[in-house]
Amino acid sequence: MTIDQDLLDILVCPDDLTPVRLATAAELAALNVRIAAGQVKTRGGQAVTTQVKEGLVRADGKYLYVVDDDIPVMLIDEAEKPPAR
């Protein structure tokens, strides 16, 4: 993950303002299996078809925000539901 720790320290979920953390390799792998099976949608209802390489998970684990080209996409409707830990 290439997100600077200083940036990570100030990022919060735009929905409920809780902290976010880096997604683990296991979380990303499980999410990508579900994406390949067509089982993942964004909060806005769009089907997710692109594998996730990096992501930030909300502290309660309910949503994952994709990091695209080292830029966190912190849009509520773009958040994805990661697999349960």
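The values are calculated or read from the model by the stated rules, or taken from the named source; none is laboratory data. Source: prediction; values computed, not measured. With ideal geometry, Cβ positions are generated from the backbone for all residues, glycine too; neighbour counts draw on all protein chains shown. Remember, those area values only see protein heavy atoms, side chains included, never the ligands or the DNA or RNA. Shrake-Rupley method; radii C 1.70, N 1.55, O 1.52, S 1.80 Å.
So here's what we get for this one:
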read-out: Residue ID - farthest from Arg58 (Cα to Cα), chosen from residues in segment 6-19 that are open to solvent by less than 40 Å² (accessible area, probe 1.4 Å) and of a type in the set (A, V, I, L, M); value: Leu8
read-out: Within segment 48-83, tally of residues that are of a type in the set (A, V, I, L, M), closer than 12 Å to Cys13 by Cβ and either touching a His at 6+ places or on another chain (Cβ under 9 Å) or open to solvent by 30 Å² or more (accessible area, probe 1.4 Å) (or both); value: 4
read-out: For Ile3: the one exception among (1) in contact (Cβ under 8 Å) with a residue 60 or more places away in the chain; (2) open to solvent by 60 Å² or more (accessible area, probe 1.4 Å); (3) among the β-branched types (Val, Ile, Thr); value: (2)
read-out: Count of segment 20-47 residues which are open to solvent by 60 Å² or more (accessible area, probe 1.4 Å) and touching a Cys at 6+ places or on another chain (Cβ under 7 Å); value: 0
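Quick grid of which residues meet (1) touching a residue at least 24 places away in the same chain (Cβ under 8 Å); (2) over 23 Å from Asp6 (Cβ atoms); (3) in contact with a strand residue (DSSP E or B) (Cβ under 8 Å, 6 or more places away or on another chain):
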position: Asp16; (1), (2), (3): yes, no, yes
position: Leu22; (1), (2), (3): yes, no, yes
position: Gly38; (1), (2), (3): no, yes, yes
position: Thr42; (1), (2), (3): yes, yes, yes
position: Val48; (1), (2), (3): yes, yes, yes
position: Ala59; (1), (2), (3): yes, no, yes
position: Val66; (1), (2), (3): no, no, yes
position: Asp70; (1), (2), (3): yes, no, no
position: Lys81; (1), (2), (3): yes, yes, yes
